[in-house]
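Student: Structure incoming, see below.
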Amino acid sequence: MIYLLALLGILSAWEETAQLVQRGSWRREDYRYPEWKTNYNSIWKNFDSHHLNFGLLVLVMFFAMSVDTITWYLVPVYWIGFFYVRNIGMHIVFKKKPLWKYLVPLL
């Protein structure tokens, strides 16, 4: 379950980073992440980086829910772990100049 949680966090970080760059909140030249576009009128229009990433995110989420029975007392641990990995992805993995302070929470 931990591996699925890490994969969900990285996929979510990829999606959020792409959205923040696209929206103009973050500068594109500060980040590196996979991004490609497809022709809107082609049959492959749903295989651009945005749709592929979000589709993978949903598939991994459904797989994670089917593999492990949820023990409700662990939900806060999963929640914190997911967002910790997501922050690492957004501020360390996808950033050209990593902000290492995000490795240690509460700093």
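The values are calculated or read from the model by the stated rules, or taken from the named source; none is laboratory data. Just so it is clear, the model here is predicted, and its values are computed rather than measured. For neighbour counting, all protein chains shown are included, and Cβ atoms are generated from backbone atoms with ideal geometry for every residue, glycine included.
Student: Looking only at segment 1-31, which residues are of a type outside the set (Gly, Ala, Ser), within 24 Å of Val85 (Cβ to Cβ) and more than 13 Å from the chain's Cα centre (by Cα)?
Tutor: If the condition is that a residue be of a type outside the set (Gly, Ala, Ser), within 24 Å of Val85 (Cβ to Cβ) and more than 13 Å from the chain's Cα centre (by Cα), then Met1, Ile2, Tyr3, Val21, Gln22, Arg23, Trp26, Arg27, Arg28, Asp30, Tyr31 are the ones that fit.
Student: Can you confirm whether Lys45 is loosely packed, with under 13 Cβ neighbours inside 10 Å, on the phi < 0 side of the Ramachandran plot, basic (Lys, Arg) and free of Cβ contacts under 8 Å to residues at least 12 places away in the same chain?
Tutor: When the stated conditions are applied, Lys45 passes them.
Student: Identify, please: which residue in segment 51-77 is surrounded by fewer than 14 Cβ atoms within 10 Å (Cβ to Cβ) and polar (S, T, N, Q) and is, among those, modelled with the highest pLDDT?
Tutor: Here the answer is Ser66.
Student: Sort out which residues of segment 89-107 are surrounded by 16 or more Cβ atoms within 10 Å (Cβ to Cβ), more than 17 Å from Pro34 (Cβ to Cβ) and of a type outside the set (Ser, Thr, Tyr), and write them in order of number.
Tutor: His91
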